[in-house]
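To start, the structure under review is shown below, and the notes come after it.
The values are calculated or read from the model by the stated rules, or taken from the named source; none is laboratory data. Only a predicted model underlies this, so the values are computations on that prediction, with no experimental measurement involved. Glycine gets a Cβ as well: all are built from the backbone with ideal geometry, and neighbour counts include every protein chain shown. When the accessible area is computed, the model is the full protein with side chains, heavy atoms only, and any ligands, DNA or RNA have been set aside. Shrake-Rupley method; radii C 1.70, N 1.55, O 1.52, S 1.80 Å.
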Amino acid sequence: MKILVTGGAGFIGSHLVDRLLSEGHAIRILDNFEAQVHEGNRPAYLNPDAEYLQGDVRDRDCLRRALEGVEVVFHEAACVGVGQSMYQIEKYVSANVLGTAILLDCIVNDRIPLKKLIVASSMSIYGEGQYLCAGCGVIYPSLRALDQLKERKWEMHCHRCGSIAKPQPTPETKPLVPTSVYAVSKRDQEELCLSVGRSYHIPTVALRYFNVYGPRQSLSNPYTGVCAIFSARIKNHRPPLIFEDGLQTRDFIHVRDIVQANVLVMQNPQADYETFNVGTGQALPIVQIARLLSELYEIPQVPEISSKYRAGDIRHCYADVSKLTALGFRPSVSLSDGLRELVGWGRQINAQDRVEEAAKELQVRGLAQG
Ligand code: UD1
């Protein structure tokens, strides 16, 4: 099939491109080669068998060329920094929401006969995950109050009875509570695609990625997630800085399993017009990630538990993956193998530690506690 991957030069997009090419598809990539991600260079990992168009998803002429003859679109192009989205509001809404709107506009008005549209969404749209309160049952708490964080009480309390609530796997049915501009833009991308897809009978699927890691992740970009951030710290012989007490948990999924999910929903009509969590279903404490990475890099660094916190951070969220599992999805990369691969990649590349710079940007705006 002829397939367009927007953002196909990026971390997730490029892995997807490799897999689709290996299955014999013809791949076109539309990517703007964002400087924050690629540092001005075309990455060496780009697959020469794909066709490359350099351009912005908001550029209609470019999109028209990109969509010519295409049967499937994977929309992976997006600005991805949660913290940064809180002060580059226009940039994030424009690239992510307007970019998606223009893509859809071109698809429907140029009558591109798409067999499938798959859009990259994010766990961030849930806000906090689902919890269980022993007395009150299942709850969907909002973010912890600032006063609670100031008292260094990190765990989630039931908003009804005040007792500590236990995190549970978060299903797709959990009400969406996006708490950052990035998250709002991801929810909009997902809803725009599904609504236009349903109206025009374009089989559309939204995949809610949990915390993705793996080779090709940009380690010098302080906005790409904690595995990259900790790698940059450790490689520069600095201790990973842990917010809160380090026992907050996330669901870390290897990029190859993200690709597996994309290919699965492309091939399976039962996925059409649906949203799916893409995670492992395992909750992992952040401090454990720091320790594992330090071990694997063989650079001993004791994580620094700072007791600081970031405004808007959630405490726990991990995926209920039963909906995707019912279609045959099985996460295939174990955390230890996956992190070993990330470290292998990390050893080959230069990683500038810009974490403190990024933290200062947030602090001066009152978005993080210094
Ligand atoms: C957020 C988004 C997610 C996105 C990801 C990467 C939400 C709810 N989720 O996830 O969709 O894919 O960013 O852009 O907004 N931490 C430290 N020290 C650090 C950095 C982080 O302790 O130096 C902690 C954070 O406090 C957090 C955890 O690690 O508890 C994970 O942080 P991060 O990787 O930035 O991403 P999320 O907030 O999970």
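Some notes on this structure:
- Scanning region 308-329 for residues that are more than 11 Å from the ligand (Cβ to nearest atom) and in contact (Cβ under 8 Å) with a residue 12 or more places away in the chain returns A319, D320, V321, S322, K323, L324, L327, G328, F329.
- For region 23-50, a residue qualifies if it is out of contact with any helix residue (DSSP H, G or I) (no Cβ under 8 Å at 6 or more places or on another chain) and within 20 Å of K115 (Cα to Cα), and the qualifying residues are G24, H25, A26.
- Test set (1) within 16 Å of the ligand (Cβ to nearest atom); (2) in contact with a strand residue (DSSP E or B) (Cβ under 6 Å, 6 or more places away or on another chain) - I202 fails condition number: (1)
- When region 306-337 is filtered for residues that are hydrophobic (A, V, I, L, M, F, W, C) and modelled with pLDDT of 95 or more, the ones remaining, listed by number, are I314, C317, A319, V321, L324, A326, L327, F329, V333, L335.
- Across region 218-228, the qualifying residues are those that are among the polar types (S, T, N, Q) and more than 10 Å from the ligand (Cβ to nearest atom), and the one among them that is surrounded by the fewest Cβ atoms within 10 Å (Cβ to Cβ) is S220.
- Every residue from region 92-129 that is part of a loop (DSSP other than H, G, I, E, B) and in contact (Cβ under 8 Å) with a residue 60 or more places away in the chain: L114, K115, G127, E128, G129
- Positions within region 164-174 being open to solvent by less than 50 Å² (accessible area, probe 1.4 Å), in a loop (DSSP other than H, G, I, E, B) and out of contact with any Lys or Arg (no Cβ under 8 Å at 6 or more places or on another chain), in sequence order: A165, Q168, K174
- Residue ID - farthest from the ligand (Cβ to nearest atom), chosen from residues in region 83-121 that are open to solvent by 10 Å² or more (accessible area, probe 1.4 Å) and among the hydroxyl-bearing types (S, T, Y): S94
- A count restricted to region 300-346 and to residues that are assigned to a loop (DSSP other than H, G, I, E, B) and small (G, A, S) stands at 8.
- Filter result (near the ligand (Cβ under 9 Å from one of its atoms) and within 11 Å of R233 (Cα to Cα)) within region 284-306: A290, P303
- Residue check, F276 aromatic (F, W, Y), touching a strand residue (DSSP E or B) at 6+ places or on another chain (Cβ under 9 Å) and within 14 Å of the ligand (Cβ to nearest atom): no
- Qualifying residue in region 315-323 (condition: open to solvent by 80 Å² or more (accessible area, probe 1.4 Å) and not basic (K, R)): no
- Matching option when the condition is closer than 30 Å to C106 by Cβ and within 12 Å of the ligand (Cβ to nearest atom), among V212, V196: V212
- Tallying residues that are more than 14 Å from V212 (Cβ to Cβ) and touching a helix residue (DSSP H, G or I) at 6+ places or on another chain (Cβ under 6 Å) within region 274-285 yields 1.
- Some residue of region 229-252 being assigned to a helix (DSSP H, G or I), open to solvent by 20 Å² or more (accessible area, probe 1.4 Å) and within 23 Å of I12 (Cα to Cα): yes
- Flag if N41 is of a type outside the set (D, E, K, R) and open to solvent by 70 Å² or more (accessible area, probe 1.4 Å): yes
- Qualifying residue in region 272-282 (condition: within 21 Å of the chain's Cα centre (by Cα) and at pLDDT below 95): no
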